[in-house]
Amino acid sequence: MKTDLAPVPDHEEPLRRARPRRSVARITFRLPVPPVSGVLRPRLLGVSLALSGLTFLAFCVVVSVGDIALPLSEVVRALFGGGDPGTELIVHELRLPRAMAGLLVGIAFGVSGALLQTMTLNPLASPDMMGITQGAGAAVVAGIVLGWDGGLGTQTLGLLGALGAAAVVYVLAWKRGTTGYRIVLVGVGVAWICTSCTDYLMARGQRFQAQSALGWLVGNLNGRTWDQITPLAYAMAVLLPAAVLLGRQMRTLQLGDDVALGLGTRVQIVRVSVLLISVGLVAFGTATAGPIAFVALAAPQVAQRLAGTAVPPPIAAGLTGALMVLVSDLIARKLVPDTELPVGVVSGVLGAPVLLWLLVRANRAGSGG
């Protein structure tokens with residue numbers, strides 16, 4: 001067999017290195033100047049762009065819906081600083097905070113679920129299943145019923161409850177380190193403990209207190225203001241870039257702790273960092289709109305199937321979560337005439353079939369017990 005072993009001329013070496021190597025699922029590239037390399041996944045990129053367009057459309061539709069219906073063209077013009085003063089007042093002051101809350105909360109929940117499912121390698125791992133949202137709910141209900149808020153408000157109580165539940169899960173799961181399996185198992189137990197505490201407090205509270213707590217527990221976008229959205233926006237500006245920077249270390253965790261350690265990954269530090277970022281996202285999101293059910297569980301799995309990746313892609317999962325929350329809010333406002341249901345009611349109805357499908361799929365694969 002004859003092979004061509006002629007060396008590549010020096011002037012052609014940069015071109016050879018810069019030429020991408022194509023495969024069916026990805027395109028790898030390496031540039032000599034500047035020294036940049038990476039992987040492009042056309043399907044993932046296309047799915048993310050499509051989800052961005054659908055999310056923006058749903059966002060505009062949510063803003064257009066109300067007592068005074070607005071054409072989509074007027075909504076888009078007002079969003080970019082045009083239109084008449086009356087339309088701008090309705091859009092920016094009355095309807096935009098609610099739509100923005102749904103957008104940001106959906107992104108936060110979707111990315112948080114993707115991080116947890118990637119870290120634990122378990123499609124059922126999500127803040128809903130691991131006690132994080134239940135911890136936030138228990139703290140808020142305790143503040144309302146027992147008067148322990150101390151002037152902190154539901155946002156701060158929800159944040160402290162979520163962080164406290166996550167700390168308890170991590171401490172109880174520690175045994176010369178942690179594993180994704182132990183974190184999920186302990187998280188399920190903590191979730192039920194927090195749920196039981198919440199049920200007890202709801203039964204003990206007075207009728208007005210129970211109604212106030214229930215309105216927050218199911219997840220609600222009604223009456224959102226810019227003051228409630230601002231902390232979430234600041235938190236996401238810090239936590240989302242941090243999640244992207246941890247992407248490479250998270251990919252090594254998929255190979256197992258021993259292999260990851262051999263590759264130089266500080267497994268426990270990465271695991272704690274991922275847990276803190278995901279808990280921070282869901283804590284601020286829950287503090288803004290309450291524990292909207294099943295978004296953090298279903299959005300990463302839907303995004304993973306659409307993108308065809310081995311693990312949930314965080315960006316696509318965030319966009320899917322935002323789309324789910326906005327569509328659920330739109331359905332909640334239009335499903336029953338003259339009644340606005342909490343968005344968590346609709347997201348629970350839409351997300352429950354995804355949970356059942358995951359359980360059936362796990363059983364068929366022999367991992368469901």
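The values are calculated or read from the model by the stated rules, or taken from the named source; none is laboratory data. All values reported here derive from a predicted model rather than from experimental measurement. Reconstructed Cβ throughout: ideal geometry from the backbone, glycine too, with neighbour counts over all protein chains shown. The protein model used for the area step is the full one, side chains on, heavy atoms only, and it has no ligands, DNA or RNA in it. Shrake-Rupley method; radii C 1.70, N 1.55, O 1.52, S 1.80 Å.
When Val111, Val76, Val91, Val61 are screened for being farther than 28 Å from Ala242 by Cα and open to solvent by less than 30 Å² (accessible area, probe 1.4 Å), only Val91 passes. A count restricted to the stretch 254-266 and to residues that are open to solvent by 10 Å² or more (accessible area, probe 1.4 Å), in a helix (DSSP H, G or I), within 23 Å of Leu124 (Cβ to Cβ) and of a type in the set (A, V, I, L, M, F, W, C) stands at 0. Within the stretch 199-222, no residue that is on the phi < 0 side of the Ramachandran plot and open to solvent by 60 Å² or more (accessible area, probe 1.4 Å) sits with its Cβ atom under 6 Å from a residue that is modelled with pLDDT of 80 or more and in a loop (DSSP other than H, G, I, E, B) at 6+ positions apart or across chains. When both residues are 6+ apart or on different chains and their Cβ atoms are under 7 Å apart, which pairs have a first residue that lies in the stretch 261-278 and is without any contact (Cβ under 8 Å) to a residue 24 or more places away in the chain, and a second that is surrounded by fewer than 21 Cβ atoms within 10 Å (Cβ to Cβ)? Every condition considered, the pairs that remain are Leu261/Val267; Leu263/Thr252; Thr265/Gln249; Thr265/Thr252.
From the list Gly131, Gly153, which one is surrounded by 17 or more Cβ atoms within 10 Å (Cβ to Cβ) and small (Gly, Ala, Ser)? Step by step, each of Gly131, Gly153 is checked, and only Gly131 is surrounded by 17 or more Cβ atoms within 10 Å (Cβ to Cβ) and small (Gly, Ala, Ser). One residue alone among Leu157, Leu116 is in a helix (DSSP H, G or I) and under 21 Å from Gly247 (Cβ atoms), and that residue is Leu116. Answer with yes or no whether Ala243 is within 13 Å of Val105 (Cβ to Cβ), touching a residue at least 60 places away in the same chain (Cβ under 8 Å) and under 14 Å from the mean Cα position of the chain (by Cα). Against the criterion (within 13 Å of Val105 (Cβ to Cβ), touching a residue at least 60 places away in the same chain (Cβ under 8 Å) and under 14 Å from the mean Cα position of the chain (by Cα)), Ala243 does not qualify. Filtered by the rule that a residue be at pLDDT 90 or above and either within 21 Å of Gln228 (Cα to Cα) or small (Gly, Ala, Ser) (or both), the stretch 105-134 gives Val105, Gly106, Ile107, Ala108, Phe109, Gly110, Val111, Ser112, Gly113, Ala114.
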